[in-house]
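See below for the structure under consideration.
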Amino acid sequence: MTKEPTRILVAGGGYVGLYTALRLQSRLRGELRRGVVEIVVVSPEPYMTYQPFLPEAAAGSISPRHVVVPLRRILPHCRFLAGELVSADPATRTVRIRTLAAEQSDGEPESVRYDHLVLAVGSVSRTLPVPGLAEHGIGFKTVEEAIGLRNHVLEQLDVAASTRDPQVRDAALTFVFVGGGYAGVEAVAELEDMARYASRYYPNVSGDEQKWILVEATNRILPEVGLRMGEYAVRELRGRNMDVRLSTRLDAYEDGVAVLSDGTRHPTRTLVWTAGVKPNPVLAACGVPLDERGRMRCTPQLRVSGVDRVWAAGDAAAVPDLSADDPAPDGKPALCAPNAQHAVRQARLLGDNIARVLRGHQPVSYRHRYAGSVASLGLHKGVARVYGRRLKGYPAWLMHRTYHLSRVPTLNRKARVLAEWTLAGLFKREIVSLGSMEHPRAEFEAAAGSDRAPGGP
């Protein structure tokens with residue numbers, strides 16, 4: 001009888017899933033060649049999205065296809081299964097996966113066994129029960145949302161240019177972004193840059209008519225870059241005539257009007273929600289211990305606490321921060337922040353630790369050295385705090401691009417992104433809206449509908 005290979009199942013194709021699989025693919029090269037180990041990657045999408053490039057993709061500085069990394073291409077020694085994790089049963093070491101084929105045939109989820117399970121399901125947008133948000137809000141977490149937002153913003157310029165109604169123009173040219181973290185600040189800054197540039201091609205729409213509003217519930221933005229750089233970012237945005245509202249919340253979006261907690265009302269057709277993330281809700285069906293925020297409780301070795309052969313890292317994992325000098329404010333051990341820097345480093349160690357365990361060695365604990373944070377504020381503008389040094393303006397923007405170019409996976413993607421940046425510096429921005437791509441069958445359906453009109457053949 002032939003012994004079945006040891007199966008390492010990686011559930012998720014984001015930062016943690018991709019970098020863990022890459023590490024395992026490298027560390028277990030011999031075992032994979034001999035067929036004693038099998039790595040299975042399960043993800044609903046066949047690509048990993050490099051989220052720090054979403055604002056530039058929305059602004060047209062990078063092509064959408066270069067923001068994503070195809071999993072099948074860079075994981076040639078792994079088996080890829082297109083599907084979504086439904087549940088996990090650590091007692092029987094099985095997971096249930098809803099594959100694309102099952103979705104189309106209304107079939108039951110497929111049961112897949114594992115010997116080691118990596119729960120890398122990541123996070124989803126954290127929304128609040130704000131009236132009107134679910135129906136009209138726009139997210140900014142996927143490449144589809146980023147390109148959809150770009151098309152939407154350009155369409156609003158077309159709306160404003162095609163009417164003299166002051167109320168319609170005002171609503172079309174008002175853009176409200178909720179959330180002052182990386183996603184919100186970089187998105188509003190990049191898109192404002194793009195829209196101001198695009199307005200030169202609209203004779204009856206000026207950049208000064210546009211109203212860009214950033215709403216943040218706390219008293220600061222970009223806390224990762226420090227207080228001084230956060231204050232500089234506020235001054236920079238306000239200097240571009242952008243309305244930054246601190247200690248303010250979105251109370252409702254009613255009849256096309258954003259209602260803020262400071263009592264102001266803003267008619268708008270654009271409401272972008274970037275106010276944080278939360279762990280993927282599927283974790284509640286995976287038989288793992290969760291903390292009060294819905295994250296998996298983990299050991300410093302990236303094992304899920306109290307669950308044999310289950311590992312986790314990234315946004316959905318509560319990993320103790322052994323490098324922190326002080327405990328958390330509630331007196332509990334400090335935890336690693338849910339950011340990409342930790343996710344990538346943890347994923348690499350996670351792959352190493354699984355390889356160590358398979359070879360009879362002990363896993364090691366996760367420790368890190370804080371490198372710093374960088375953020376873009378639009379073309380040639382940014383803020384950064386790197387190894388204690390503060391940068392702003394063009395040097396920070398250059399640091400932002402250099403850092404993320406070094407971190408995006410594969411040489412292929414690095415070369416393509418660098419080429420696009422170079423070409424963007426030599427030629428003018430593309431300001432074409434391709435909103436019809438979101439509904440590619442609309443024109444055909446309309447034509448088919450006219451053929452079925454009364455009196456037709």
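Here Asp315 sits with roughly 40 square angstrom of accessible surface, probe radius 1.4 Å. For the chain, the longest principal axis of the alpha carbon atoms and the long axis of helix 394-407 meet at an angle near 40°. Between Val257 and Ser206, the FRET efficiency from the beta-carbon distance, with R0 = 25 Å, is close to 0.60. Expressed in Å, the radius of gyration and Dmax of the Cα atoms of the range 24-165 are 20.2, 71. Taking every protein chain into account, the 1.4 Å probe leaves Phe444 with about 140 Å² of accessible area, to the nearest ten. Taking all protein chains as they are arranged and a probe of 1.4 Å, the heavy atoms of Glu224 leave approximately 70 Å² accessible to solvent.
Treating r as the C-beta distance of Ala91 and Asn241 and R0 as 51 Å, the FRET efficiency rounds to 0.30.
Sequence-distant contacts, meaning Cα pairs under 8 Å at least 6 residues apart, place the relative contact order of the chain at 17 percent. Rounded to the nearest 10 degrees, what's the angle between the helix 340-358 long axis and the longest principal axis of the chain, both from Cα atoms, 0 to 90? With rounding to tens, the tilt is 20 degrees.
Here, P(r) means the percent of Cα pairs in each 5 Å bin from 0 to the largest distance; for the range 53-102 it is 5, 16, 12, 13, 17, 16, 11, 6, 3, 1.
Antiparallel versus total DSSP beta bridges in the range 9-123: what percent is that, nearest 5? Of all bridge pairs located within the range 9-123, approximately 55 percent are antiparallel. Accessible surface ranking for Leu81, Leu28, 1.4 angstrom probe, highest first: Leu81, Leu28. Here the accessible area of the range 90-207 is 52 percent carbon and sulfur, with a 1.4 angstrom probe and all protein chains present. The residues of the chain have, on average, 49 Å² of accessible surface per residue, using a 1.4 Å probe with all protein chains present. More than 38 angstrom separation, counting every C-alpha pair in the chain; what % is that? Looking at the chain, the distances longer than 38 Å represent 29 percent of pairs. Per-residue accessible area (protein heavy atoms, 1.4 Å probe) orders Arg293, Arg407 as Arg293, Arg407, starting from the largest. Would you mind checking the tilt of helix 442-451 against the longest principal axis of the Cα atoms of the chain, expressed as 0 to 90 degrees and rounded to 10? Long axis of 442-451 versus the principal axis of the chain: about 70 degrees. Taking 10 °C and 1.306 mPa s as the conditions, I'd like the Stokes-Einstein D for the range 235-301 in µm²/s, using the Kirkwood hydrodynamic radius from alpha carbon pairs. Result for D is 101 µm²/s. The phi-based Karplus calculation (6.51 cos²θ - 1.76 cosθ + 1.60; θ = phi - 60°) puts the 3J(HN,Hα) values of the range 42-51 at 10, 7, x, 10, x, 8, 9, 9, 8, 4 Hz, whole numbers, x for Gly and Pro.
The residues packed around Ala317, meaning those with a beta-carbon under 15 Å from its beta-carbon, carry a net charge of +3 if Lys and Arg are +1 and Asp and Glu are -1.
Under the criterion of Cα pairs below 8 Å and six or more residues apart, the relative contact order for the range 66-153 equals 17 percent. Estimated from helical segments only, the mean residue ellipticity of the chain at 222 nm is -10000 deg cm²/dmol, where each DSSP H run of four or more residues counts as -39500 (n - 2.57).
The values are calculated or read from the model by the stated rules, or taken from the named source; none is laboratory data. Quantities reported herein were computed from a predicted structural model and do not represent experimental measurements. Every residue, glycine among them, receives a Cβ derived from its backbone with ideal geometry; neighbour counts consider all protein chains shown. Please note that ligands, DNA and RNA were not included when accessible areas were found on the heavy atoms of the full protein model with its side chains. Shrake-Rupley method; radii C 1.70, N 1.55, O 1.52, S 1.80 Å.
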